[in-house]
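Some notes on the structure that comes next.
The values are calculated or read from the model by the stated rules, or taken from the named source; none is laboratory data. It should be emphasised that the depicted structure is a prediction, and the values quoted were computed from it without experimental measurement. Ideal geometry is used to build each Cβ from the backbone, glycine not excepted, and the neighbour counts take in all protein chains shown. Surface areas here come from the heavy atoms of the whole protein model, side chains and all, with no ligands, DNA or RNA. Shrake-Rupley method; radii C 1.70, N 1.55, O 1.52, S 1.80 Å.
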Amino acid sequence: MSQNIYPVPEGFAGPNTINAEQYAALYAESVDSPETFWAKAAERLEWFKKPTQIKDTNFDPKNFYTRWFADGELNVSVNCIDRHLATRGDKTAILWEPDSPDTPSQAITYRQLSERVNKLANALRTLGVQKGDRVTVYLPMIPDAAVALLACARIGAIHNVVFGGFSPTSVADRVRDSAAKVIITADEGLRAGRKVPLKANVDAALQQEGTQSIEKVIVLQHTGSDIAWQEGRDVWLHDITASEPAECEPERMNAEDPLFILYTSGSTGKPKGVLHTTGGYLVQAAYTHEAIFDLREDDIYWCTADVGWVTGHSYIVYGPLANGATTLIFEGVPSYPDASRFWQVVDKHLVTIFYTAPTAIRALMREGEELVKKTSRKSLRILGSVGEPINPEAWRWYYDVVGESRLPIVDTWWQTETGAFMIAPIPGAIPTKPGSATKPFFGVQPALVNAEGEFVQGAGEGNLVITDSWPAQARTVYGDHQRFIDTYFSAYPGYYFTGDGARRDEDGYYWITGRVDDVINVSGHRIGTAELESALVQHPKVAEAAAVGFNHDLKGQGIYVYVTLVAGEEPSNELQKELVAHVRKVIGPIATPDFLQWAPALPKTRSGKIMRRILRKIAENAPDQLGDTSTLADPSVVDTLVKERHLT
Ligand code: 6R9
């Protein structure tokens with residue numbers, strides 16, 4: 001067992017290092033006296049008005065509320081920029097590494113960032129964007145993505161970032177649901193040398209019903225390609241910012257005013273607009289970023305996520321900039337021009353903290369050690385992982401090959417809804433175990449509930465819940481507070497249900513086992529089975545569809561769909577390709593099914609519910625584990641599906 005525990009490296013110490021004793025004491029204080037603890041934690045921010053009310057929360061679904069720092073006033077952009085200007089004005093805030101290594105990288109100082117953010121904030125105000133208005137952001141991984149977020153924050157507009165890989169329909173859905181006034185996009189994005197037609201996607205999205213709320217499309221010139229232009233609606237970002245002053249009065253925001261909406265998949269229906277507010281979110285994003293990455297003043301910090309996901313929000317933009325750090329934004333992909341790109345970039349910019357996803361680690365692991373070993377990586381100090389459970393084999397490769405057995409790995413468990421890290425090792429305090437996210441962060445109280453609905457004591461396994469509020473938790477589902485309560489606080493009334501399963505070992509370490517709801521985690525991205533199914537049945541030839549996840553060597557989970565055609569339609573290879581392409585078009589390439597099986601019928605209970613448990617077992621090629629099929633309306637359906645299963 002001992003070789004499975006990786007102790008805190010000897011001599012590990014920096015100005016923000018938290019050791020084991022400090023962790024224990026602070027954790028105890030954070031749960032015993034949350035008011036005192038978080039009042040102190042809030043002092044890391046600059047407030048227009050310091051909060052005196054700290055925690056005011058109730059998880060009872062009948063009388064639910066979550067207020068943190070409720071009488072405090074602040075502005076996120078002031079915290080991420082202005083307050084650093086006196087001491088860090090010439091420090092690099094954002095390092096940009098473009099898609100191609102042949103394109104020069106860029107370094108943007110805090111002072112330059114301030115200028116760009118203020119100009120855009122002024123331009124947004126000139127266009128009529130006011131506090132509380134929604135702004136959709138659909139940009140590539142360029143510094144302007146951070147600029148756009150901070151400009152919204154400066155004037156109190158609520159941003160909604162849509163991942164650049166999403167389809168026009170996904171953009172339209174999010175514009176409609178948030179009733180956004182403005183979209184900020186670029187002519188095109190670039191990924192692995194290929195162009196992504198962002199503006200054309202926006203044009204297509206805005207042709208769809210219910211998107212008339214959009215008054216202006218702000219376009220950033222990135223690749224310089226020709227694009228269609230709608231006079232009166234479309235404006236160039238460089239035109240509208242050119243004559244704006246480089247100072248913009250920040251909006252005084254209440255701690256509970258919304259900062260952003262981010263859509264994420266759940267087990268039912270369309271993606272939900274998870275809403276985060278200002279004060280609690282920023283306190284915890286900044287605090288966790290400093291503590292878990294053991295931040296030091298001259299760190300070069302690189303998180304490889306996309307700003308379209310929550311990881312990009314909290315740990316590319318808000319956490320690092322609130323801490324005055326240098327954050328690297330990478331436009332490209334790990335495999336372009338070749339699979340050593342990550343390590344080339346680490347060496348080029350002397351990255352000290354590197355934070356990526358297990359799916360990337362597994363893909364690079366497959367390419368062999370040579371590509372890693374030909375680079376130095378001597379600058380690295382800490383490695384991080386996020387997005388899905390990291391399998392111990394990938395963890396060890398990351399540790400031994402990338403980190404040369406000298407760097408702590410911080411495996412960070414959290415969610416769009418949690419806003420910031422929840423379970424993750426503080427590197428100076430907590431020895432790690434490959435595959436475990438280890439121990440809760442300050443103020444986070446996890447618990448496991450077994451099949452009988454009872455709390456698991458000591459070592460054991462169950463559904464992961466959080467028993468009390470934490471500052472960065474989502475406050476609602478935009479426009480549908482009841483759905484928020486139903487989704488997260490009703491399965492186990494009085495507790496936040498994460499949708500994940502977990503195991504706790506004899507040392508109190510948590511091991512996340514994955515989603516227990518109908519969410520498929522593909523390469524760290526959440527896709528709802530309901531979204532896939534609704535995309536498929538939109539096709540005129542599809543009568544019914546069911547989607548399930550299956551174990552996938554690289555992606556963690558892959559997508560397996562079963563399709564029943566309408567009467568009179570015949571399965572064919574062409575139709576199969578057409579349906580896969582259809583899903584890509586409706587949702588986006590990240591939702592591409594790996595396998596599509598024709599199903600003459602789907603296994604259903606007598607009340608008409610699809611038995612996904614059985615479909616999962618068939619997809620996993622475990623027909624001997626189908627369990628009880630006697631409750632099915634027609635058990636023979638299963639035999640046909642098993643016989644015709646796709647994988648071997
Ligand atoms: C941050 C993020 C959340 C879901 C979550 C869980 C999985 C994320 C993980 C992890 C095991 C980790 N997940 N980090 N599972 N270990 N370190 O990814 O947010 O996109 O909302 O996904 O991802 O299943 O419930 P989000």
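Computed quantities for the displayed model
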read-out	value
Net dipole in debye of region 107-183 [+1 Lys, Arg Cβ; -1 Asp, Glu Cβ; about Cα centre; nearest 20]	240 debye
DSSP-assigned coil residues among GluC sites (Glu not before Pro) in region 366-457, each with at most 10 further Cβ atoms within 10 Å	GLU452, GLU454
Under the Karplus curve 6.51 cos²θ - 1.76 cosθ + 1.60, θ = phi - 60°, whole-Hz ³J(HN,Hα) for region 52-67, x wherever Gly or Pro sits	10, 8, 9, 10, 9, 9, 8, 8, 5, x, 7, 8, 8, 8, 9, 10
Distance in nm between pseudo-label sites at GLU578 and THR223 (7 Å out along the Cβ direction from Cα)	2.9 nm
Gap separating the Cα centres of region 281-351 and region 143-179, nearest whole Å	20 Å
Whole-Hz ³J(HN,Hα) from phi, Karplus 6.51 cos²θ - 1.76 cosθ + 1.60, for region 118-125, glycine and proline x	5, 5, 5, 4, 4, 4, 4, 4
Accessible surface ranking that places the most exposed of ASP102, ASP173 first, with a 1.4 angstrom probe	ASP102, ASP173
Pairs beyond 18 Å (Cα-Cα), from LYS270/LYS555; LYS40/LYS91; LYS272/LYS541; LYS195/LYS585; LYS541/LYS577; LYS373/LYS433	LYS270/LYS555; LYS40/LYS91; LYS272/LYS541; LYS373/LYS433
Computed lengthening from SER376 to GLU569, 0.36 nm per intervening residue step minus Cα-Cα distance	63.7 nm
Net lengthening on full extension, LYS541/LYS585 (0.36 nm per residue, minus Cα-Cα)	14.2 nm
Accessible surface ranking that places the most exposed of ASP56, ASP71 first, with a 1.4 angstrom probe	ASP56, ASP71
Long-range HN-HN contacts of LEU596 with modeled amide H, under 5 Å	VAL561
FRET E, pair PHE12, LEU350, Förster distance 25 Å, beta-carbon r, rounded to 0.05	0.80
Extension gain (nm, one decimal) between ALA601 and LYS643, 0.36 nm per residue minus Cα-Cα	13.8 nm
Rounded to 5, the percent of DSSP beta bridges in region 20-503 classed as antiparallel	50 percent
Of GLY332, GLY319, ALA41, farthest towards positive along the dipole that unit charges on Lys, Arg, Asp, Glu beta carbons give the chain	GLY332
Accessible-area composition of region 44-96, carbon plus sulfur, in percent [1.4 Å probe]	44 percent
Order by protection proxy (mean Cβ within 10 Å, highest first), peptides 310-322, 130-142, 375-387, 185-197	310-322, 130-142, 375-387, 185-197
Kirkwood estimate for region 540-596, i.e. one over the average of 1/r between Cα atoms, Å	12.0 Å
Sites GLU35 and HIS481, calculated FRET efficiency, Cβ-Cβ separation with R0 25 Å, nearest 0.05	0.45
Residue-wise HN-Hα coupling along region 152-169, computed from phi with Karplus coefficients 6.51, -1.76, 1.60 (Hz; x: Gly, Pro)	4, 4, 5, 9, x, 7, 8, 8, 10, 7, 10, 3, x, x, 7, 7, x, 5
In region 1-100, GluC sites (Glu not before Pro) in a DSSP loop with at most 15 other beta-carbon atoms within 10 Å	GLU10, GLU43, GLU46
Estimated inter-spin distance, LEU127 and ASP298, nm [label 7 Å along Cα→Cβ]	4.1 nm
Kirkwood Rh and Cα Rg combined as Rg/Rh, region 20-503	0.95
Average Cα contact separation per residue, region 523-644, under 8 Å, 6 or more apart, as relative contact order %	23 percent
Relative contact order (%) - criterion: Cα under 8 Å, at least six apart; region: the chain	13 percent
Compactness index (Cα Rg / 2.2 N^0.38 Å), region 90-172	1.20
Amide H contacts of THR92 (H built 1.01 Å from N, under 5 Å, at least 5 apart or other chain)	none
